[in-house]
1. Using the structure shown, decide if K200 is of a type outside the set (D, E), modelled with pLDDT of 90 or more and either under 17 Å from S85 (Cβ atoms) or in contact with a Cys (Cβ under 9 Å, 6 or more places away or on another chain) (or both).
2. Under 7 Å by Cβ, and 6 or more places apart or on different chains, what pairs join a residue from segment 252-281 that is touching a residue at least 60 places away in the same chain (Cβ under 8 Å) with one that is surrounded by fewer than 14 Cβ atoms within 10 Å (Cβ to Cβ)?
3. Suppose the filter is surrounded by fewer than 22 Cβ atoms within 10 Å (Cβ to Cβ), more than 13 Å from the chain's Cα centre (by Cα), in contact (Cβ under 8 Å) with a residue 12 or more places away in the chain and part of a loop (DSSP other than H, G, I, E, B); does T115 pass it?
4. Is it true that I148 is assigned to a strand (DSSP E or B), out of contact with any Asp or Glu (no Cβ under 7 Å at 6 or more places or on another chain) and modelled with pLDDT of 95 or more?
5. How many residues, within segment 248-305, are among the aromatic types (F, W, Y), in a loop (DSSP other than H, G, I, E, B), touching a helix residue (DSSP H, G or I) at 6+ places or on another chain (Cβ under 7 Å) and under 18 Å from A152 (Cβ atoms)?
6. Among what's in segment 284-309 and is modelled with pLDDT of 95 or more and hydrophobic (A, V, I, L, M, F, W, C), pick the residue that is farthest from I258 (Cα to Cα).
7. Regarding segment 368-384, can at least one residue be identified that is surrounded by 12 or more Cβ atoms within 10 Å (Cβ to Cβ), under 24 Å from K308 (Cβ atoms) and within 24 Å of the chain's Cα centre (by Cα)?
8. Just one of the numbered conditions (1) modelled with pLDDT under 95; (2) surrounded by fewer than 18 Cβ atoms within 10 Å (Cβ to Cβ) is not true of P335; which one?
Amino acid sequence: MHAGKYNPESVNLAIQSLETDIYEPLGLNWVPAFEQTWSKFVGAKYAIAVNSGTSGLHAALLASGVGPGDEVISPALTVIMDAFSTIYCGATPVFADVEESTWNIDPIEVEKLITPRTKVIISVSWFGLSANLTKLKEISRKYNLILIDDSAETILPNGFNRDDLNDPDFRVFSFESKKHMSTGGEGGMIVTNSDELAVKARKAAGLGYKHLSADKGRTSLAAKTFQNPAYERFDALGFNYRMTPVTAAIGLGQLEGIQNSLRSRIRCAEMFSEAVKGCGWLVAQPQVNDGYQHAYYTFGVRFLGLSKRGITWSEFYDRFTSAGGDGFYSNCKIPYNEPYFREIYSKRIYGTGYCPVAEELQTQIMAFKTNYLDFEKVDKQVSILRDLIDGIGR
C-alpha cells in the first residue's frame, strides 16, 4: 500500500461517485453512504465506519484474532494508542525501533522481534509519511502475520490498491478534529480487501450482531424473522464502536473538500521546507522511498542545534515564540516511557536504550502545524523561522 503521488483526479472521481451511484440510492442512510464513498476514495474493497481511530485499531486487532498471550509489534516512535489497543485485547505490546532516515518502523528491527507469540505488526504513517509497507508485507507473509497500518496521519486517496499483494491487511483512518478531515471531533474508518476480515472487524465494532456482513451493517431480514422470539442475534463478542449517522453525514460533507485540504497541507509543508533548506541543524523528515508521497499531517524537523550551535530545544522554542511564532509541537513521549508503562511494564520489559533511535529522535523532533487556513499566516511563521535560522547561522 504505497502512499503514491497525490493525484487530484482520484479525489474528483470519488466525489463524482458520491453524487451519482452512492448518495442518491442510499438516501438518508448516511453511515453506509459514507462507508461506500470512502472505500472508493481510498481504493479499498470494504470500509467499516467507527467512532474513533483508536476503536478502529482495537476492532482490527480483534478481527485479526489477537488475544491474551499474543504479541503485537508496533513502532516506538508513535502515539500510545497503538499500544493501548493491544492491551485492550489482553495482548503484549512489543516496540520496534525506527529508521533514522524516515522515522518510521524499521522492518529489520521488526523481524528480529518476531516470536511464536507474534500475531500482528502495526505500522504507522508517522506525520503523514508511509512506512516501508512493501517490506513489512513481505515479512508478514513470511511469518503468517497480519499487517495493520495506522493511517491516522495520512489520507492520500490512492494509497490502497485492491490488486496489490503488498497492501496491508487493514488500514485504520482517524477523523479526529486535527486530522486532514474531521467528522465533527471524533470518528474513524477501517478498510480492508478481505471478505473474512471485513466481517470480523464489523462484528467486533458492531456488538457482534450475527447478521452483519462485509459490505454493510446488516443483511436484509424479513420482520417475521427478527420479531420472532426464537431469533438469535449475536454470534460474536463485539463493542459498540459504531459511527452515528450525524457523524457520517459530516464526513460526507467534509470529503467534498478533501482535495483542498491535502493541497493546503502540502503547500504549508513546502513553505516550511524552503525556510529550513540548507540548514545543517534543522533536518526535515525525508521522503526516501520511490512512489511514496508525504501527506504532511505536520511538518517535522530534527533539531540538532544543541550539538551544532549550542542551543537547546527549549531555547529555540522560546526564541521562536518571542519573535511572534505560533510555536511547534514536540514528538510525543515514547509509549514505554509514559507513566503507565513505567509503572506496569518498564520494570519488567523495557528501559532506557531499548529503542535507541526512537528515543533520541523523540527528544529532537519539532513538528510545525500544516493546518493553517490563511497562507498569510504561514508566510509570517515561515519568515520568523527563516530569520531566526539566519541569525543563528545555517
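1. yes
2. As it stands, the answer is Q259/P8; G278/R394; C279/R394; G280/R394, since those pairs meet every condition given.
3. So T115 passes the test.
4. Considered against the rule, which asks whether it is assigned to a strand (DSSP E or B), out of contact with any Asp or Glu (no Cβ under 7 Å at 6 or more places or on another chain) and modelled with pLDDT of 95 or more, I148 comes out as no.
5. The qualifying residues number 2.
6. Filtering first and then ranking leaves L306.
7. Yes, that holds for at least one residue.
8. Just one mismatch for P335, condition (2).
The values are calculated or read from the model by the stated rules, or taken from the named source; none is laboratory data. Computed from a predicted structure; not experimentally measured. For neighbour counting, all protein chains shown are included, and Cβ atoms are generated from backbone atoms with ideal geometry for every residue, glycine included.
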